[in-house]
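For reference, the structure is listed below as structure tokens.
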2 protein chains.
Amino acid sequence: MSLKIPRGFKFSAVEAAIKRPGRKDLALIYSDVDANASAVFTKNLIKAAPVKLSMKRITSQKARVIIVNSGNANACTGKKGIDDVVEIIKLLSKGLGIDERLIYPASTGVIGTPLPMERIKSTLPDLISGIGKATLEDVARAIMTTDTFPKYISTELKVGDEVGTISAVAKGAGMINPSMATMLCFIITDLSIDKSALSKALKEAVDLSFNRITIDGETSTNDMVMIMANSLAGNDTISLKSKSYRDFKKALNYVTEELAKMIVRDGEGATKVIKVIVRGAQNKKDAELAARAVANSLLVKTALYGNDANWGRIMSAIGASGARVIEEKVDIYFNHLQIVKKGMSAGNDSTANELLKSSKELNLIIDLASGKEEFSVLTCDISEDYVRINAEYRT
Amino acid sequence: MSLKIPRGFKFSAVEAAIKRPGRKDLALIYSDVDANASAVFTKNLIKAAPVKLSMKRITSQKARVIIVNSGNANACTGKKGIDDVVEIIKLLSKGLGIDERLIYPASTGVIGTPLPMERIKSTLPDLISGIGKATLEDVARAIMTTDTFPKYISTELKVGDEVGTISAVAKGAGMINPSMATMLCFIITDLSIDKSALSKALKEAVDLSFNRITIDGETSTNDMVMIMANSLAGNDTISLKSKSYRDFKKALNYVTEELAKMIVRDGEGATKVIKVIVRGAQNKKDAELAARAVANSLLVKTALYGNDANWGRIMSAIGASGARVIEEKVDIYFNHLQIVKKGMSAGNDSTANELLKSSKELNLIIDLASGKEEFSVLTCDISEDYVRINAEYRT
């Protein structure tokens with residue numbers, strides 16, 4: 001799939017050797033003109049310095065530049081953490097001739113270590129002069145931590161006579177949490193869309209994508225999804241009342257859902273992507289409680305890794321989820337194969353084990369048979385590698 | 001430590017080859033006379049057949065016999081599961097000449113597979129004739145699943161002029177959950193204590209012990225703690241108003257806390273026992289939320305396993321816990337070594353790493369410095385072996 005870039009967006013990426021040398025780890029997303037902007041941030045009370053700063057800035061709903069680094073989260077770094085990111089932005093502002101209030105910082109990596117300011121500052125001239133020399137793929141690579149592949153996507157959308165592009169990069173891997181905020185994701189578009197429509201569309205897109213994935217049930221201090229819309233496609237500005245708003249939402253949802261899937265596929269040590277679908281719930285809340293409980297259950301995730309259709313652990317997880325569950329009504333399926341019938345074995349365990357062995361992606365469908373509500377969460381299995389990766393993360 | 005047995009209690013254990021042959025997996029705890037009884041059960045809505053039955057029986061607060069098997073949970077087995085356990089109890093009742101309402105079943109093992117009734121029924125005569133020929137240690141061994149050592153303890157208590165004994169066995173390993181019920185634990189005593197005092201003391205003891213441990217955040221379908229007090233010590237009956245009630249509670253708490261510690265020490269694949277102590281919270285609820293979040297965080301548990309004092313993950317876990325946390329106030333210690341000072345590094349990471357390397361038990365103290373409330377949870381680290389054990393559990 002070739003990656004399309006919206007008009008007026010340029011990129012830069014340099015090696016600042018933030019955690020260690022050998023890769024580009026500091027990147028810039030740059031719009032030629034002011035863009036409408038919106039963002040969603042982590043709900044963790046402990047927030048990284050760049051998150052604190054970007055949260056203040058976004059009230060203007062205007063942006064020009066995002067500067068993002070991997071290798072260091074700049075979280076739990078106190079006043080120095082804030083001072084450091086303010087200093088970087090001041091230098092960038094001066095070098096770019098752009099109001100510092102239009103520059104948004106983001107970071108990902110180890111918590112609690114101050115940024116290596118000398119190394120970062122010494123690379124800023126290259127970062128600035130490099131604008132337009134890097135690709136969006138380079139940005140996707142620069143923000144990777146334990147990710148094993150870069151995550152990017154683009155789609156096109158016709159609004160009136162104009163064709164606009166929506167492109168995005170994301171990073172994921174560990175610390176991906178249900179029901180809270182997300183990971184890092186930056187979305188850019190040349191479509192013209194007003195601030196309130198942009199803001200509403202982003203919140204809904206995040207809710208349907210990044211807020212419905214889980215790898216380890218952890219919410220990071222640095223999660224952030226941001227969108228910039230710079231209007232250079234020349235379309236009639238999309239508002240909440242436009243017919244095209246629905247098309248925009250659909251396109252944006254496509255972008256965020258695809259990236260969300262990539263993040264789960266790249267879950268630390270994961271071998272399978274599982275869509276947990278709870279249906280037949282009395283209400284949405286019950287469906288969500290049950291789906292998230294299964295998607296986060298260590299016992300379910302290890303069984304899926306072991307290609308063991310151990311549905312008893314699924315029953316146990318929904319029973320302890322807080323959702324109203326009537327044991328004798330529950331049906332469970334792997335894709336179309338029924339493994340639980342009315343709360344008991346459907347007698348297909350060995351077929352289900354074979355299905356697990358041959359599946360990289362799987363629908364795990366739990367029918368509570370008590371109502372009409374549904375909720376789904378994308379999750380992955382957990383292997384010894386998850387433990388290894390996270391035991392050795394800082395070494 | 002020599003294991004004392006309360007007067008009038010006898011034991012039996014046989015091999016019924018419930019999951020596989022080669023070990024005793026069916027056991028009996030037998031009191032010569034009727035005992036006052038109380039029990040605490042899993043809060044999972046999906047409950048095993050023996051749990052459903054025992055929950056009904058315990059309203060009488062009287063018991064003579066507990067029959068327990070490992071290798072099969074008899075959960076999610078529908079009407080057949082109930083019929084099976086009722087049939088076993090009827091046969092036992094006939095064989096023993098004891099009212100079936102005084103016989104309590106318990107099971108642990110794989111969910112969703114019917115009990116191998118023929119094998120169990122054919123061993124019942126041996127189980128009955130073997131009463132008095134097995135030890136409490138044999139019972140502790142017969143209820144093990146992935147446990148690596150049997151868990152039992154006893155203590156003595158003088159009430160007036162009489163010395164009574166409290167003894168107990170437990171099984172744990174996986175599916176140990178915070179804040180819910182527990183695992184299997186059977187406590188016996190020859191002390192005379194009335195029903196309401198027994199019941200209150202048990203609930204409090206469970207709350208202070210098994211409800212404050214966590215291995216993988218899962219609540220089993222079969223959790224059950226039961227106590228039998230047969231009065232054969234001849235002491236003045238302990239009531240809620242007795243001076244000796246406090247001594248009884250203390251002795252019971254000792255028994256349950258020691259068993260809880262053994263369970264965490266034997267957490268599947270665990271290499272360390274960590275007591276997470278949150279203090280300085282504004283209220284008890286916040287202290288509990290923060291302590292449980294850290295104790296259940298996969299990222300914290302993998303870092304502890306990797307001997308990495310990655311305190312950023314601890315900060316992140318408390319920040320996302322729902323507790324009120326002011327980043328700039330938080331202090332964190334490993335035993336007496338401060339690793340976080342006012343939300344930032346205390347500069348002791350490498351010393352802390354060394355401390356982790358040399359520690360099998362560790363206090364992880366988190367001071368929120370916002371109030372006076374405290375809560376602690378016992379947890380363990382998580383290793384590749386946890387994943388391996390649980391991926392291969394049914395194979």
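Is it the case that A:D84 is within 14 Å of chain B (Cβ to nearest Cβ), within 24 Å of A:G130 (Cα to Cα) and acidic (D, E)?
So A:D84 fits the description; yes.
Which of the following residues is polar (S, T, N, Q), closer than 30 Å to A:E392 by Cα and within 19 Å of the chain's Cα centre (by Cα): A:S54, A:S70?
None of the other options fit; the residue is A:S70.
Of everything in segment A:370-395 that's of a type in the set (S, T, N, Q) and in contact (Cβ under 8 Å) with a residue 12 or more places away in the chain, which residue is farthest from the other protein chains (Cβ to nearest Cβ)?
Top of the filtered list is A:S376.
Within segment A:371-381, does at least one residue satisfy the condition of being surrounded by fewer than 18 Cβ atoms within 10 Å (Cβ to Cβ), over 26 Å from the mean Cα position of the chain (by Cα) and not hydroxyl-bearing (S, T, Y)?
Yes: one or more hits.
Can you confirm whether A:R265 is within 24 Å of B:I389 (Cα to Cα) and not aliphatic (A, V, I, L, M)?
yes
Which numbered condition trips up A:Y254, out of (1) of a type in the set (S, T, Y); (2) more than 14 Å from chain B (Cβ to nearest Cβ); (3) crowded, with 19+ Cβ neighbours inside 10 Å?
(3)
Looking at segment B:383-393, can you tell me whether even one residue there is of a type in the set (A, V, I, L, M), in contact with a strand residue (DSSP E or B) (Cβ under 7 Å, 6 or more places away or on another chain) and either assigned to a loop (DSSP other than H, G, I, E, B) or under 30 Å from A:S383 (Cα atoms) (or both)?
No: zero hits.
Residue-wise test of (1) assigned by TED's automatic domain parsing to the domain that holds B:V294; (2) more than 29 Å from B:D147 (Cβ to Cβ); (3) at pLDDT 95 or above; (4) of a type in the set (K, R).
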| residue | (1), (2), (3), (4) |
| --- | --- |
| B:K171 | no, no, no, yes |
| B:G174 | no, no, no, no |
| B:S179 | no, no, no, no |
| B:L184 | no, no, no, no |
| B:T189 | no, no, yes, no |
| B:L198 | no, no, yes, no |
| B:E204 | no, no, no, no |
| B:D223 | no, no, no, no |
| B:I238 | no, yes, yes, no |
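How many residues, within segment A:116-149, are touching a residue at least 24 places away in the same chain (Cβ under 8 Å), more than 23 Å from A:L3 (Cβ to Cβ) and of a type in the set (D, E, K, R)?
3
Which of the residues belonging to segment B:324-345 are in contact with a strand residue (DSSP E or B) (Cβ under 7 Å, 6 or more places away or on another chain) and at negative phi?
B:V330, B:D331, B:I332, B:Y333, B:F334, B:Q338, B:I339, B:V340, B:K341
Exactly one condition in (1) of a type in the set (D, E); (2) within 23 Å of the chain's Cα centre (by Cα); (3) closer than 30 Å to A:V33 by Cα is false for A:E268; which is it?
Result: A:E268 fails condition (3) only.
Can you confirm whether segment B:21-29 contains a residue that is among the hydrophobic types (A, V, I, L, M, F, W, C) and surrounded by fewer than 19 Cβ atoms within 10 Å (Cβ to Cβ)?
No, segment B:21-29 has no match at all.
Kindly evaluate A:D367 against the criterion of being more than 14 Å from chain B (Cβ to nearest Cβ) and not hydrophobic (A, V, I, L, M, F, W, C).
yes
Counting only residues that are crowded, with 19+ Cβ neighbours inside 10 Å, in a helix (DSSP H, G or I) and more than 14 Å from every other protein chain (Cβ to nearest Cβ), how many does segment A:39-57 have?
Selection size over segment A:39-57: 4.
Which condition does A:L232 not pass, out of (1) in a loop (DSSP other than H, G, I, E, B); (2) within 13 Å of chain B (Cβ to nearest Cβ); (3) touching a residue at least 60 places away in the same chain (Cβ under 8 Å), if it passes all the others?
(2)
Any residue at all in segment A:18-32 that is without any contact (Cβ under 8 Å) to a residue 24 or more places away in the chain, under 23 Å from A:F210 (Cα atoms), aliphatic (A, V, I, L, M) and not in a loop (DSSP other than H, G, I, E, B)?
no
For segment A:58-73, which positions are away from chain B (no Cβ under 14 Å) and either closer than 21 Å to B:A317 by Cα or in contact with a strand residue (DSSP E or B) (Cβ under 6 Å, 6 or more places away or on another chain) (or both)?
A:I58, A:Q61, A:K62, A:A63, A:R64, A:V65, A:I66, A:I67, A:V68, A:N69, A:S70, listed by residue number.
The values are calculated or read from the model by the stated rules, or taken from the named source; none is laboratory data. Note that the structure is predicted; figures quoted are calculated from it, not measured. As a convention, Cβ positions derive from the backbone with ideal geometry for all residues, glycine included, and neighbour counts pool all protein chains shown.
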